[in-house]
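In what follows, a single structure is set out as structure tokens and then discussed.
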């Protein structure tokens, strides 16, 4: 007798019992629900979205035999059981991020999703009942809610102060609904869909086109929310709305959102447009890794749902498989500790240990090429998704398939076609240099053309400030962006690049900056000893061109690889240039005399300068100025080419900051005045160590004696590097014809140099 026949007879018997006993309405409902549940299990229609019916069978068959999955399951069970014991609270929304009602509704969405999964895997109805009871409370609450009382957002939600968080909620809850779908009666499903889910989806989309109808990480969440609940309910209209946006909708394209971005730009909207536009062919996301991390969850979880329910769409093949490529790109935009580089708006400390990257790693492994390097990251994350993809990872780890995830130097293009600049990461032993020559980065972009940051073994050496925000800390501006994000963090002077005439790139105007991007001159990583990235920008300031070439060089005469930085400036008139180095640590020594200031005054009055205190000043007395500092037990030395007219400034962040929103961190700055065409050349060495236990300093002095520019023409720039033992090396970079197969010949000090490729080093 087949299982299906058995279930049919069982359900028929239950119905006969009901008739014979003339059971009351309540008993009849219970039995009818049991009948529906058994019949539903027979055809296995749900779950189908993320956790699938076949996946549930496979997981149950492996339970107790898959350590990382079993551990994750136990932790989730303990978490959900604790929440069930506390009871259900769906408070009337009143707070910004970080406030009780905001946090509670956010917690509820996550717990519902987890409880739904537990119901499927453990087949324990208490979890389904918990989800059902909470959803019914939300159904009763939602139909009474006006717009959220907090008015800051350009698109207010109902449960939350912004539609973005409402979308977060529906993405998670759609998964919970799918898991308990067959537990609910038809009437219960109809109530939820009519009074909660469809109105919720309509508010996110139809009622909030300024949020939904554009290309932005916010809209991606909205698309995923509408699409995922549409997949669960088998509502093709919602699915189409998610994929393609709202049809025949007119918007004011000149209306700006709260981040300064334009709405409905070019009329492109929907999930597919949000894949097409922000991702380059290499998988780089134009807003930067912090927001790529945030957007990866809706991108991938909705894609997984589409793959499971609408396989004919072949979503993981869309745009040459860019969604899966983007996971590899994102992992490569993290330092040795897994922290994402804070390009554009990015909070430091966000890493691939976040839950969104657990999702990304598991989905990438399951639906991609089953890269065994991903398993090593999953092992470090120490948890997996409780679904089909998490099972695949758990089995891979159990079967000892994990191999190290190798991060190498990488160049990631920016723009839909890969033609809008990019980001290069140069890696040499423990040194990592992040060189940004990308496009604006949407509304989260910073005005920092050709900027960089430097790391050693996961620790910042030369920092990028990141964003000015304390995410979800209510006491700091409701957990939202602070005004200092615009007045400081986005401004050019906050970054390790050139500011001209105390004015930010593009005058800090989004509508101007978003039209332009830097251009790659060349990228070279074939030589393991010399890794180079070179790029140009001719739009940051009118009639001024920057060409920056950065190399990480491993030389047998040096303890560790060092950085060579060449910034060539060409302009049609004299300007004032400020060139900062945001070093972290304690100043140890300089080769020039400086004078500290008795009173702290701002360096300027606007464009970020108003936030810099001047702590000390000096005049360059040598053609090479040096300073050394100590940071976390390691020594570093900056050697920079200077002339007698250069001002040297020690500054500190924190001026005009009465609420102490900014971190009090230092910078060293070279100021060159009345210069038309000029060049900035510097090296940064990592060397030696200091132990507070043994109180011993090892190799605390620089190994560089002198830097010299021995050639600087339109076609070539050549830098001679002399170490303290008198050994010299020559680096020549091609400024124009930098193709990998180009042949070059130059004469320097009566000596000829010939080579093929973009640069010469010997």
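Every number here is computed from the coordinates shown, using simple stated rules; none is lab data. All values reported here derive from a predicted model rather than from experimental measurement. Note: ideal-geometry Cβ built from the backbone for every residue, glycine included; neighbour counts use all protein chains shown.
Using just the Cα positions, wrap the range 614-681 in a convex hull and report its mean projected area in square nanometres, one decimal place.
Details: hull surface 24.7 nm².
Computed as one quarter of the Cα hull surface, the answer is 6.2 nm².
State, as an integer percentage, the relative contact order of the chain based on alpha-carbon contacts under 8 Å between residues 6 or more apart.
Details: 1642 pairs, mean separation 59.0, N = 762.
Relative contact order comes out at 8 percent.
Could you work out the helix-only [θ] at 222 nm for the chain, with each DSSP H run of four or more residues adding -39,500 (n - 2.57) and the total divided by the number of residues, to the nearest 500 deg cm²/dmol?
Working: 19 runs with 250 residues, N = 762.
That calculation yields -10500 deg cm²/dmol at 222 nm.
Roughly how tilted is helix 67-86, in degrees to the nearest 10 and between 0 and 90, from the longest Cα axis of the chain?
With both axes taken from Cα atoms, the answer is about 70 degrees.
Given R₀ = 41 Å, what would the calculated FRET efficiency be for residue 677 paired with residue 351, taking r from the Cβ atoms and rounding to 0.05? Can you show the working numbers first?
Details: r = 42 Å, r/R0 = 1.03.
In this case the efficiency is close to 0.45.
Using only Cα atoms, locate the centre of the range 461-503 and the centre of the range 726-747, then give the distance between them in Å, rounded to an integer.
The distance from the Cα centre of the range 461-503 to that of the range 726-747 comes to 37 Å.
Given a Förster distance of 30 angstrom, what is the FRET efficiency for residue 526 paired with residue 705, based on the Cβ-Cβ distance and rounded to 0.05?
Step by step, r from the Cβ atoms, then E = 0.50.
Could you check the simple spin-label distance between residue 740 and residue 723, using points 7 Å along Cα→Cβ, in nm with one decimal?
Taking the simple label geometry, residue 740 and residue 723 are separated by 3.0 nm.
For an R0 of 45 angstrom, estimate the FRET efficiency from the Cβ-Cβ distance between residue 515 and residue 762 and round to the nearest 0.05.
Numbers: r = 41 Å, r/R0 = 0.92.
The pair residue 515/residue 762 has a calculated efficiency of 0.65.
Which label belongs to the value computed from this structure, given these candidates for semi-axes √(5λ) of the Cα gyration tensor in Å: [x] 39, 33, 25; [y] 47, 33, 23; [z] 55, 27, 24?
For semi-axes √(5λ) of the Cα gyration tensor in Å, the calculated option is [z].
Can you compute the radius of gyration and Dmax for the range 318-407, using only the Cα atoms, both in Å?
12.8, 40
Could you rank the peptides 202-215, 533-546, 693-706 by their average count of other C-beta atoms within 10 Å per residue, with the highest value first?
Working: 202-215: 22.6, 533-546: 20.8, 693-706: 14.2.
For the peptides 202-215, 533-546, 693-706, the packing ranking is 202-215, 533-546, 693-706.
Give the peptides 630-643, 745-758, 131-144 in descending order of average Cβ contacts within 10 Å, highest first. Walk me through the numbers on the way to the answer.
Values: 630-643: 20.1, 745-758: 12.1, 131-144: 17.9.
Top of the packing list down: 630-643, 131-144, 745-758.
Relative to the longest principal Cα axis of the chain, at what angle does helix 53-62 sit, 0 to 90 degrees, rounded to 10?
Orientation of helix 53-62: about 80 degrees from the principal axis.
Using the alpha-carbon atoms, what tilt in degrees (0 to 90, nearest 10) does helix 289-309 show relative to the longest principal axis of the chain?
30 degrees
Want the number for residue 694 to residue 140: 0.36 nm per residue separation, take away the alpha-carbon distance, what's left?
Numbers: separation 554, 0.36 × 554 = 199.44 nm, distance 6.65 nm.
Using 0.36 nm per residue and subtracting the Cα-Cα distance, I get 192.8 nm.
Residue 647 versus residue 122, label points 7 Å from Cα toward the beta carbon: distance in nm?
Distance between label points: 6.7 nm.
For the ranges 282-289, 713-720, what's the packing order if you count other beta-carbon atoms within 10 Å of each residue, average per peptide, and put the highest first?
Packing proxy ranking, top to bottom: 282-289, 713-720.
For residue 408 and residue 62 in one chain, what is 0.36 nm times their gap in residues minus the Cα-Cα distance, to one decimal in nm? Present the calculation step by step, with values, prior to reporting the outcome.
Details: separation 346, 0.36 × 346 = 124.56 nm, distance 3.61 nm.
Length difference between fully extended and current span is 120.9 nm.
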